[in-house]
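The structure appears right after this line, and notes come after that.
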Amino acid sequence: MGEGDYPILALPAGEVVPRVERPPGRGGAKNPTKARQIERLDPQFLELRRALEARRADLSTSALGAAPEHVLVFETNGSPDKFFAEVAKRPELEWLLDFEDRVLADDDFRPARQRAKPLPPKVEQTLTQYAYMVLFNQVALEQLLSYWAAYKTGKMPRGLGAWSEVFRCLRAIRRWGPRDRLREADLLQDLLESVDPLRTVPVEIELWPRSAEHRRQTRERLKAEVEAVGGTVLDAVEMPAIHYHAMLVELPHHELQSLLKQDVAWLLIDDIYLVRPTPQCVTDVDISGAADGPPVAGTGPALGEPVVALLDGLPMENHAHLQGHLVVDDPDGWGATYQVADRKHGTAMASLILRGGNELADTPPGHPLYVRPILYPVRDGFGQVAERPPRGRLWLDVIHQAIRRMLAPDVPGGPVAASVKIVNLSVGDTGRPFLHEPSPLARLLDWLSWKHQVLFIVSAGNHGDDLPRECEDDAQLLQHIFANRRHRRLLSPGESLNAITVGAVGLDHASAPIPPNARPLPSRPDLPAAYSALGRGHRRSVKPDVLMAAGRQLYRRLPMQDAPWTPLRRHVVGQLVAVPANVGSRPTARLSGTSNAAALTSRLGGLYVDTIANVIQRGGQSDWLSDVPVAVLVKALLIHTADWHSEAFEFAKQALADWVVPGRAKDDLAGVLGYGVLRAERGLGCTPERATAIGGGHIVKDMRMRHRVPIPSALHTFGGWRRVTVTLAWLSPVNSGNRKYRVARLGLDLPNDKDTPLRVKASQVHSEATTRGTAQHVVLQRVTSAMNIGPDDEFEFFVSCAEDCGKLDAPVPYGLAVSLEVEPGAQLPIYEEVRERLKPRVAVPARVR
């Protein structure tokens, strides 16, 4: 049904209620004995002593500056509560960064509670490890070594209890050295081999975030070092708000070779965090099979202001399927040298946002699409042109300036597209898969989304590697992908905390015959596509958030015994997109990938902007919704439509039985299935058997809000299938450099099956997994047990807010979406009764800002 038949409803405003204290979480692994700690760690402290003496000996002849410093990495079991305070009060110490990761358990660090049953054979027992990067000068390092000596003898001076706590739980201690700075050496080597030895190579040098004066000195020192070896500094950017300080340099080919051998003096500069390749974005669109496309659906240009923005390559503006529906903003004048034939990726993504994934047959939305180029055609060493980040600028700054021009009120002349609520980013950095801390680009998006209350929709990333022969079986394909998930991680900025990250399922409407010896992988359309990157996100949050149809990818296997399945580069299946080809008057081609998934999700989000506007325009008790930023309402409504196909979950659960812990499958599989596949129609309107309502508000720390949904009396004595779905979404400020990162922790408090007349129980994603990000999507359902429903019964739930890290000193807007439904064909007037019960309800929203 369309929205006009059964439109989306509005929830009443929430009510402030007393806060409920939650018990603290369970402890982690036990620490080894003191004797064992001394035995383990003494060699590491001896290594630090040698490093201290070596640096002291080099001081008189060092070319790196007169004040040697050491970045030390403390890897701990658990988080020493007093460590941060101890570092903060000592001027000779400087806190740089901390993060957490999962590591294998060993004989020294094992879970405190032993499992009653053995783990499945392929499950590796892991623990949370915390890593802290702290800068020490020579004097502070001498003091640290003396503290360790005192701890060993049991004569620790008074007032140094924080260090005793650190030593008790310390797993390892080491210096941040050249090997750490070159942790992406393999990618640099690949870059080196792809460039003509006579050409210079662009490299990004990321520096530790320090004071403004120290940043200036470091920049000058590095500039001198780079120029001394024949290199050039192309760009430098400082963004203290996201702990980002980087330089873009060009190095001679031979200097990069020496760098990879760790044979350059400037690699020892302690202020260097990472040396990495510039962003590597694969945006290839195959147009070799381009053909004339279908007639253009809809007539006339788009009216009104844009609500969706596309950051990508420049599109072909006069393409028949795009003409009259684009607002192209090119302040840098890239269009003058951006040949039409090279405008492939932007054209394809724009056509998906405007025309959808149904063979370009959908009518464009009523709003034009704002487009800002962030990619530029670059010719590689083989003469091939590809759309890539511009060579002479740091890509992060290109994106930052694009968003500022679009939305910031303080830009000269004012923002050029202040009406935009959704920003689509269908490109990812293949050179920066998510490891343990958010990438600079992910941090930028998180900071901008909070600052401007705008929703970023990003692609999870593609992995186009060969697959083993046995992957023709869907179960073995899942096993291979899950076992190798560390090599199939999200691509930056897919780990963004505030963004919706979109993975792919292989669905399209192509009808062309599949070539011999080729097949799509997987064959099941309800499983994630083999090319789609896997989660988790930061701190094991649910990522990708959702899955979206993004086209099939064909794989071909040569008729040899152990030949792998290799992805076909020419697309005969996939989604139909507009392309700049010299074929007919409406050139199109086939394309698949998570870029498509993100673009189609952005299109859907734009439609939901209109749905939300209609709810507000109907007035009545929904007037207060106009105070809630549209971005958080769209985010809630998009994720609300996601659903695990029960058959897909059961198939994945059985296929991965040896890889997941019994009872934790719904947690582990959230990194594969996300919150599920989007079902577009559920956010556009309701049905007679399903009522969906949106709501939200503003909440401050330590506040608790109560929300209520009427339960239809038609459910009295009903014993069939029923479901309640509740989705909470918000945009959080972030604390870059802190391992927790998220500042605002919002949460849902839902009744259990015994506390609600509906008698529904949690289903789909594990409840703990839903609490780790900035969206909580909970499905409660039941099939049996008749209900006793009174005329005034309500489904009551709560939203709470707390600080996770840093200072939360501003109200946090949040969006809600709630659905109550029964099985189709039950012929119960669910929608009508909920709508009638909502009509007379009058409430005054809590004003907290």
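The values are calculated or read from the model by the stated rules, or taken from the named source; none is laboratory data. Since we're looking at a predicted model, the values are computed, not measured. Using ideal geometry, Cβ is built from the backbone for each residue, glycine included, and neighbour counts are taken over all protein chains shown. Side chains included, ligands, DNA and RNA excluded: accessible areas come from the protein's heavy atoms. Shrake-Rupley method; radii C 1.70, N 1.55, O 1.52, S 1.80 Å.
Quick notes
Listed here are the residues, each with its yes/no results for (1) among the aromatic types (Phe, Trp, Tyr); (2) surrounded by fewer than 19 Cβ atoms within 10 Å (Cβ to Cβ); (3) in a helix (DSSP H, G or I).
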site: 624; (1), (2), (3): yes, no, yes
site: 632; (1), (2), (3): no, no, yes
site: 636; (1), (2), (3): no, no, yes
site: 648; (1), (2), (3): no, no, yes
site: 652; (1), (2), (3): no, no, yes
site: 660; (1), (2), (3): no, no, no
site: 663; (1), (2), (3): no, yes, no
site: 667; (1), (2), (3): no, no, yes
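- Among the criteria (1) among the basic types (Lys, Arg); (2) more than 26 Å from residue 448 (Cα to Cα); (3) in contact (Cβ under 8 Å) with a residue 60 or more places away in the chain, the one residue 379 does not fulfil is (3).
- Residue selected from the stretch 406-435 under the condition charged (D, E, K, R) and more than 15 Å from residue 445 (Cα to Cα), by the criterion farthest from the chain's Cα centre (by Cα): 410
- Qualifying residue in the stretch 683-699 (condition: surrounded by fewer than 21 Cβ atoms within 10 Å (Cβ to Cβ), in contact with a Ser or Thr (Cβ under 8 Å, 6 or more places away or on another chain) and acidic (Asp, Glu)): no
- Residue 224 being at negative phi, part of a helix (DSSP H, G or I), of a type in the set (A, V, I, L, M) and free of Cβ contacts under 8 Å to residues at least 12 places away in the same chain: yes
- Scanning the stretch 541-572 for residues that are open to solvent by less than 30 Å² (accessible area, probe 1.4 Å) and over 30 Å from residue 102 (Cα atoms) yields 549, 550, 551, 553, 554, 555, 563, 565, 567.
- Of the residues making up the stretch 758-788, those that are under 26 Å from residue 804 (Cα atoms), of a type in the set (Gly, Ala, Ser) and not in a helix (DSSP H, G or I) are 762, 767, 773, 775.
Okay, residues lined up against (1) touching a His at 6+ places or on another chain (Cβ under 8 Å); (2) under 17 Å from residue 369 (Cβ atoms); (3) open to solvent by 20 Å² or more (accessible area, probe 1.4 Å):
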| residue | (1), (2), (3) |
| --- | --- |
| 580 | yes, yes, no |
| 587 | yes, no, no |
| 590 | yes, no, yes |
| 594 | no, no, no |
| 601 | no, yes, no |
| 608 | no, yes, no |
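- Taken over the stretch 737-776, the criterion of being at pLDDT 90 or above and either among the small types (Gly, Ala, Ser) or in contact with a His (Cβ under 7 Å, 6 or more places away or on another chain) (or both) is satisfied by 741, 744, 747, 773, 775.
- Filtered by the rule that a residue be within 14 Å of residue 281 (Cβ to Cβ) and either open to solvent by 10 Å² or more (accessible area, probe 1.4 Å) or not in a helix (DSSP H, G or I) (or both), the stretch 396-438 gives 396, 425, 426, 427, 428, 429, 430, 431, 432, 433.
- Candidates 96, 72, 41, filtered to the one that is at pLDDT 85 or above and either of a type in the set (D, E, K, R) or outside any strand (DSSP E or B) (or both): 41
- First in the stretch 482-509 and farther than 27 Å from residue 577 by Cβ and in contact (Cβ under 8 Å) with a residue 60 or more places away in the chain, second anywhere and part of a loop (DSSP other than H, G, I, E, B) and open to solvent by 50 Å² or more (accessible area, probe 1.4 Å), Cβ under 8 Å, 6 or more apart: 483/122
- Pick from the stretch 207-217, criterion of a type outside the set (A, V, I, L, M, F, W, C) and either open to solvent by 60 Å² or more (accessible area, probe 1.4 Å) or in contact with a helix residue (DSSP H, G or I) (Cβ under 7 Å, 6 or more places away or on another chain) (or both), ranking: nearest to residue 235 (Cα to Cα): 216
- When the stretch 217-247 is filtered for residues that are closer than 11 Å to residue 207 by Cα and of a type outside the set (Val, Ile, Thr), the ones remaining, listed by number, are 219, 222, 236, 238, 243, 244, 245, 246, 247.
- Count of the stretch 160-191 residues which are more than 29 Å from the chain's Cα centre (by Cα), in a helix (DSSP H, G or I) and either modelled with pLDDT of 90 or more or crowded, with 16+ Cβ neighbours inside 10 Å (or both): 8
- Scanning the stretch 177-193 for any residue that is over 26 Å from residue 272 (Cα atoms), of a type outside the set (Val, Ile, Thr), touching a residue at least 40 places away in the same chain (Cβ under 8 Å) and in contact with a Phe, Trp or Tyr (Cβ under 8 Å, 6 or more places away or on another chain) turns up nothing.
Each row is one residue, and each column tells you yes or no for (1) open to solvent by 50 Å² or more (accessible area, probe 1.4 Å); (2) farther than 26 Å from residue 544 by Cα; (3) in contact with a Ser or Thr (Cβ under 7 Å, 6 or more places away or on another chain).
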{"residue": "760", "(1), (2), (3)": "no, yes, no"}
{"residue": "780", "(1), (2), (3)": "no, no, yes"}
{"residue": "790", "(1), (2), (3)": "no, yes, no"}
{"residue": "809", "(1), (2), (3)": "yes, yes, no"}
{"residue": "815", "(1), (2), (3)": "no, no, no"}
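- Each residue in the stretch 449-471 was checked for being crowded, with 24+ Cβ neighbours inside 10 Å and free of Cβ contacts under 8 Å to residues at least 60 places away in the same chain, and 1 pass.
- All positions within the stretch 297-316 that are surrounded by 18 or more Cβ atoms within 10 Å (Cβ to Cβ) and either modelled with pLDDT under 95 or of a type in the set (Gly, Ala, Ser) (or both): 302, 309, 313
- Qualifying residue in the stretch 743-751 (condition: open to solvent by 30 Å² or more (accessible area, probe 1.4 Å), out of contact with any helix residue (DSSP H, G or I) (no Cβ under 9 Å at 6 or more places or on another chain) and in a strand (DSSP E or B)): yes
- Some residue of the stretch 83-93 being charged (D, E, K, R), more than 27 Å from residue 541 (Cβ to Cβ) and open to solvent by less than 20 Å² (accessible area, probe 1.4 Å): yes
- Screening the candidates 715, 728 for the property of being open to solvent by less than 40 Å² (accessible area, probe 1.4 Å) and more than 25 Å from residue 541 (Cα to Cα) yields one hit, 715.
- Count of residues meeting criterion [open to solvent by less than 60 Å² (accessible area, probe 1.4 Å), in a helix (DSSP H, G or I) and of a type outside the set (Gly, Ala, Ser)] in the stretch 137-159: 7
- Cβ pairs under 7 Å, 6+ apart, first in the stretch 138-153 and more than 12 Å from residue 70 (Cβ to Cβ), second open to solvent by 50 Å² or more (accessible area, probe 1.4 Å) and at pLDDT below 90: 150/157
- The lone exception for residue 227 - which of (1) among the charged types (D, E, K, R); (2) open to solvent by less than 10 Å² (accessible area, probe 1.4 Å); (3) more than 34 Å from the chain's Cα centre (by Cα) it fails: (2)
- Of all residues assigned to the stretch 108-131, none qualifies as being open to solvent by 40 Å² or more (accessible area, probe 1.4 Å), at pLDDT 85 or above and under 18 Å from residue 70 (Cα atoms).
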